[in-house]
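Please treat every number below as a calculation from the coordinates, not as lab data. If you're wondering where the values come from, they're calculated on a predicted model, not measured in any experiment. FYI the Cβ positions are ideal-geometry reconstructions off the backbone, even for glycines, and counts take in every protein chain you see.
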Amino acid sequence: MIQTIRLDHVLREAVRTPYADLVTRPTGAAVRDRIRQALAEPSCRGACLDFSAVGLVDFSCADEVVAKLLLDLPPEDAPYLLLAGLSESHREAIDHVLEWHSLAVAAFLAAGGRPAVLGRVDPDARAAFERIADAGQGTSDEVAAGLGWPTERAAAALRTLALLRLVQAAGATYCLLLPPA
Amino acid sequence: MTRVVEVPAFFDDRAFDGFAAGFGAWPPTERILVDARPATWASPYGLTGLLTAGQALVEAGCEKPLLTVPASDDVSRYWARTGFFRYAAEVFELHGKVPRIKPDDPSDVLLGVTPIRGAEDVHDVVGRIQEGASRILHGELGIEAKATMGFAMALSESCQNIVEHAGTGGWVAVHAYTFRKRLGGRRAAVIAVSDAGIGFRRSLEATQMKRFGERWGDPAALEAALVHHTSRFRDPGRGQGLAGIKRYLARWQGKISIRSGTARLAIVPAWDEDVPLASGLPFFPGAQVQITIPAQQEPTG
């Protein structure tokens, strides 16, 4: 099960502040610890971090909450991680810190539109993600046909996405992960 | 013996080195009297720098310094409204008529003088600034509304430098004002953050001195932080704050300058004539950061 974690709630529990801003490293570390506890539940296959009621996210806090959470995930059978409800400024801060660490995560913006990969992935993987994001799912053959690539190239890009846990592989089909309804 | 350090009449970042020179060798052996009577105007950089001087003297074990308030009632009232005297009384023995008015942040003050001692203070200033920042940046400086968040982010990251690196507290203030000589008379929002802590050289010495070799000193330490984004922490995620601030400033033709010890390093935009690196300056304790976001110019033609 992918569970939604509302970061404004976690922030309020983790630090006693009336503000809804994710700023400073100590705050980020406290929030990350709470998310880790949720991810450690045996029934949890992943988490959707919901930023929709969060004000500002600064670089330091983005690094503590998102980048370090991804860095700490186990190499085998790691839970999936999605971001949702991101404003343009959230996106900018998180993209910056993930680029810094060469990490990537799938994100849904508050303004809607196609989900995006934030951070660093190679151009083929990014193009394949966009294809899967448009269709919801697809096989190597379908992605290759859509992008005008040889099947092997699409297969390699999709394997990269699955390894980075940006899409979910189910047999020969690769599926977009969606925030819980 | 008392040593008199005069506050420049027009006290901004450009006049700061003259002020710093007044203290002589650090820490001073004589009691210090900071004479603010001639002051007719002070930028947030000047106000936070004054408090830093007082704090540094007290923390160095010197006798509590004296401060004479500005001779002009208008000036001292303005300083009182920004909250300056509330904190000045903690680090100076005040002499002269201190206006008994509550700090109320005049309209050009986005954030009055505010102490930064811990992460909760950063939360507080970021929470308080957002509404005013939007009014000034978007309403007066013609910067897109969405840039307000970037401004608050720059404020947050620069304040965190105190919490993470200074080893003591510091001060922040944010004003908007018209630049008379620079910027062709345009307005600008200015963030000033100053601390009386260990400074960049001592903060980075353990991890960077070997790398820079004979070149090591205040200028090299500032280069390591502002240009190479290094940090005293070995955590690979560190150093992103200044990198993020620079990215934001590049988009809005902003300027950052950091003074620490005897050097100042700046990322200088086209509108300014400052030198990127000034070394051999009079010593001043801690670190002083100034971030300037100018009003955007209407496209011509």
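Counting Lys +1, Arg +1, Asp -1, Glu -1, what net charge surrounds B:L66 among other residues with beta carbon under 11 Å of its beta carbon? Net local charge, B:L66 excluded: 0. Set the Cα radius of gyration of chain B against 2.2 N^0.38 Å, with N its number of residues, and you get 0.96.
For chain B, the 222 nm mean residue ellipticity estimated from helices alone, with every DSSP H stretch of n ≥ 4 adding -39500 (n - 2.57) and the total spread over all residues, rounds to -10500 deg cm²/dmol.
Please compute the average number of Cβ atoms from other chains found within 10 Å of each residue's Cβ in peptide B:127-138.
Per residue, the average neighbour count from other chains is 1.
Rg to Rh ratio, the stretch A:121-181, alpha-carbon atoms and Kirkwood radius? When Rh is taken as the Kirkwood radius, the ratio is 0.93. Estimated translational diffusion coefficient (Stokes-Einstein, Kirkwood radius over Cα pairs, 25 °C, 0.890 mPa s) of the stretch B:194-301: 167 µm² per second. If R0 is 25 Å, the Cβ-Cβ spacing of B:F10 and B:D73 corresponds to a FRET efficiency of close to 0.90.
With Cα atoms as the point set, the stretch B:16-135 shows a radius of gyration and Dmax of 15.0, 46 Å.
With the simple spin-label model, which puts each label point 7 Å out from Cα in the Cβ direction, the B:K181 to B:F212 separation comes to 2.8 nm. Summarised in one figure, the compactness ratio Rg/Rh of the stretch B:104-194, Cα atoms and Kirkwood Rh, is 0.98. How charged is the neighbourhood of B:V4? Take every other residue with its Cβ under 15 Å from the Cβ of B:V4, and add Lys/Arg as +1 and Asp/Glu as -1. With Lys, Arg at +1 and Asp, Glu at -1, the neighbours total -2. Shape index of the stretch B:143-234: Rg/Rh, with Rg the Cα radius of gyration and Rh the Kirkwood radius from the inverse mean 1/r over Cα pairs, equals 1.06. Packing-based ranking of B:114-120, B:273-279, A:19-25, A:56-62 yields A:56-62, A:19-25, B:114-120, B:273-279, ordered from highest to lowest mean Cβ neighbour count within 10 Å. In the protein assembly as shown the Cα-Cα distances spread across 10 Å bins starting at 0 as 4, 19, 26, 23, 15, 8, 4, 1, 0 percent of all pairs. Averaged over the residues of A:10-22, the number of partner chain Cβ atoms lying within 10 Å of the residue Cβ comes to 3. Partners of B:K246 within straight-line reach, counting lysines whose Cα lies under 23 Å from its Cα and excluding those fewer than 8 residues away in the same chain: A:K68, B:K146, B:K255.
Net charge of the neighbourhood of A:A135, taken over other residues with C-beta under 15 Å away and scored Lys/Arg +1, Asp/Glu -1, is -2. The orientation-averaged shadow of the Cα convex hull for chain A, equal to a quarter of the hull surface, comes to 9.8 nm².
Size descriptors for the stretch A:1-79 (Cα atoms only): Rg and Dmax, in that order, 12.1, 38 Å.
Charge dipole of the stretch A:1-120 (Cα centre as origin; +1 on each Lys and Arg Cβ, -1 on each Asp and Glu Cβ, all else neutral): 160 debye, rounded to the nearest 20.
Using equal-weight Cα scatterers in the Debye expression, the normalised intensity of the stretch B:1-72 in log10 at q = 0.21, 0.23, 0.27, 0.28 Å⁻¹ is -0.85, -1.02, -1.34, -1.42. Per-residue mean of foreign Cβ neighbours for B:153-165 is 4 (Cβ atoms of other chains, 10 Å radius).
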